[in-house]
1. Which value in nm describes the separation of the simple spin-label points at Ala45 and Lys141, placed 7 Å from the Cα toward the beta carbon?
2. Apply the Karplus parameterisation 6.51 cos²θ - 1.76 cosθ + 1.60, with θ equal to phi minus 60°, to every residue of region 113-127 and state each ³J(HN,Hα) to the nearest whole Hz, in sequence, with x for glycine and proline.
3. Once both labels are modelled 7 Å past Cα along the beta-carbon direction, what's the Ala64-Glu83 spacing in nm?
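Every number here is computed from the coordinates shown, using simple stated rules; none is lab data. Not measured: the values here are computed from a predicted model. Don't worry about glycine lacking a Cβ; one is built from the backbone with ideal geometry, like all the others, and counts go over all protein chains shown.
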Amino acid sequence: MSMRRDWLLQRPYGRHRGAPRSTNWRSQRAPCYSAQVAILDEVRAALNSRQYRISGHAVDEMLADALGERDILSATLAGEVIEDYPKAFPFPACLVLGRTSDVTAVHAVWAFDRTSWYAVLVTVYRPDPARWTADFRTRVKR
């Protein structure tokens with residue numbers, strides 16, 4: 001494991017390996033709804049209060065695509081929801097299209113845990129032009 005990846009995982013507002021869970025967290029899931037904006041608003045509120053976690057997979061993707069944490073956060077805060085996953089397990093999630101400081105497109109999948117009020121960065125990547133339309137908002141039909 002690289003030193004940079006270790007550093008990202010150890011940040012107090014980053015991923016918590018031993019984060020406490022409620023005793024019966026599966027039964028406490030909030031009801032699913034399809035309001036894309038509501039999930040993104042909750043994620044943004046959590047990011048502004050620094051209540052978010054970064055998954056190990058997202059850290060790996062950040063390092064592979066040379067994306068910084070600040071770039072991802074600013075892209076999410078200014079971005080827009082392009083896909084909604086209200087029935088994602090264990091938390092509802094959404095795919096956010098944002099732009100980094102050098103104006104390149106970034107896709108970030110954010111989930112939101114309503115019981116602990118934490119946003120979770122599931123994955124992040126630079127979209128492949130062969131798999132997305134020119135504006136990176138719609139998947140190309142194969």
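1. It works out to 3.9 nm between the two label points.
2. Values per residue, Gly and Pro as x: 9, 6, 6, 9, 6, 10, 8, 10, 7, 7, 7, 8, 7, 8, x Hz.
3. It works out to 1.5 nm between the two label points.
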